[in-house]
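Written out below as structure tokens is the structure these notes cover.
The values are calculated or read from the model by the stated rules, or taken from the named source; none is laboratory data. The structure presented is a predicted model; accordingly, all values stated were derived computationally and were not measured. Here Cβ is always computed from backbone atoms with ideal geometry, including for glycine, and neighbour counts include all displayed protein chains. Side chains are part of the model used for accessible areas, which takes the heavy atoms of the whole protein and leaves out ligands, DNA and RNA. Shrake-Rupley method; radii C 1.70, N 1.55, O 1.52, S 1.80 Å.
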Amino acid sequence: MDIRGRNRSSNIEDRRGMSPVRKGMGISIGGVLFLIVLSLFGINPLPFLGVATKQPEVEMQQSAQPYQESAEEKELADVAGVTLAETEVTWSRLFEGRYPAPTMVMYNEMTPTGCGAGQAAMGPFYCPLDQKVYIDLAFFRELEQKFGAPGDFAQAYVIAHEVGHHVQHLTGAADKVRQDQQSARSKAEANQYSVMLELQADCYAGVWARDAAQRLQITQQDIEEGMRAASAIGDDRLQRASQGRVVPDAFTHGTSEQRMRWLMTGMKSGDPNACDTFNAREL
Ligand SMILES: [Zn+2]
């Protein structure tokens, strides 16, 4: 994959220079007035600060300087940012120009999101409530070192998969799944809907890769990288790694074989209609 000379998407929110701070000193208006009154009477207000403060909350604080990327971080951010831009090209065409692109938030360790606190340990994710993809780029290092899936195309696949969830938000598939899950009769059935949704996002990542193949000069070796990533983060592999056994009912992303197959389905067809995991004879 060759991203040289290509620009990152403009739909990026870089929060890497921000750190979460506990706002222990969040003061209410009443508190401020109270402190001013104390000052007016010549009383040092400092000992009363605790009285005037409200509940501590977590907020992001921007550091004085813009975030300084290391060379490695720049490389990862370029791959993520260019991939995002390329998904915009693909999906704008497929949505015939009516594609509200998602924003990608790059953060370190922890950040507030429309879906609650985002934490790096959760891996990259999409929040439909604010239509943003959240990623701590350290995940790419984990993908390489812990899951044995290195390479820029493996990283691009991860971003394209999250963008796939945004597409599902736009088509209504994600909402439909949430409704179906609520009326599901068992946890196993609810999980099955989640697997269908995840495999469709994999397929959409493949649709993107097919469309971008020429622009980014995606090679056979890249595709193998993507397959390795899809295989590495299949539920069966993750489960075996974490608990030493495989429990199919608890699958929420699909097996390694399923993830690879649906990614390939998208790549071969280049057609989102080929990604109907909800009505597929074989999942
Ligand atoms: Zn997913």
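Over the heavy atoms of Leu137, what accessible area does a 1.4 Å probe trace out, to the nearest 10 Å²?
Leu137 exposes around 10 Å² with every protein chain in place.
Between Asp14 and Val247, what length in nm is gained on full extension when 0.36 nm per residue of separation is reduced by their alpha carbon distance?
Result: 80.1 nm gained on full extension.
Any idea what the alpha-carbon Rg over 2.2 N^0.38 Å comes to for segment 145-259?
After normalising by residue count via 2.2 N^0.38 Å, the value is 1.13.
Taking the mean number of other Cβ atoms within 10 Å as a proxy for protection, how do you rank 179-192, 157-170 from highest to lowest?
157-170, 179-192
Less than 12 Å Cβ to Cβ from Gln181, Lys/Arg counted +1 and Asp/Glu -1: what total charge do the surrounding residues give? Please report the intermediate quantities before stating the final value.
Values: positive: Lys176, Arg178, Arg185, Lys187; negative: Asp175, Asp180, Glu189.
Residues close to Gln181 contribute a combined charge of +1.
Work through the residues other than Gly234 whose Cβ is under 9 Å from its Cβ and net out their charges, Lys, Arg +1 and Asp, Glu -1.
Net local charge, Gly234 excluded: -1.
For segment 88-234, give the percent of accessible area contributed by carbon and sulfur heavy atoms, probe 1.4 Å, rounded to a whole number. Mind showing how you got there, number by number?
On the way: 2970 of 6200 Å².
C and S fraction of accessible area: 48 percent.
Checking the a/c ratio against 1.5 first, then a/b against b/c, what shape does the Cα gyration tensor give for segment 83-235?
Working: a/c = 1.37, a/b = 1.21, b/c = 1.13.
Cα axes put segment 83-235 in the rounded bin.
Just add up the charged neighbours of Phe125: K/R +1, D/E -1, any other residue whose Cβ is under 11 Å from the Cβ of Phe125.
Numbers: positive: Lys132; negative: Asp136, Glu162.
Around Phe125, the surrounding residues sum to -1.
In whole Å, what are the extents of segment 146-191 along the principal axes defined by its C-alpha atoms, from largest to smallest?
Ordered largest first, segment 146-191 gives principal extents of 41, 26, 8 Å.
For a label point 7 angstrom out from the Cα of Phe278 toward its Cβ, which stretches of segment 150-173 have the backbone nitrogen within less than 18 Å?
Only 164-173 pass the distance filter.
Could you work out, for segment 214-273, what percent of all Cα-Cα pairs fall into each 5 Å distance bin, beginning at 0 Å and stopping at the bin that holds the largest distance?
Taking every Cα pair in segment 214-273, the percentages come to 4, 18, 22, 21, 15, 10, 6, 3, 0.
With a 1.4 Å probe and all protein chains left in place, how much accessible area per residue does segment 182-283 have, in Å²?
On a per-residue basis, 51 Å².
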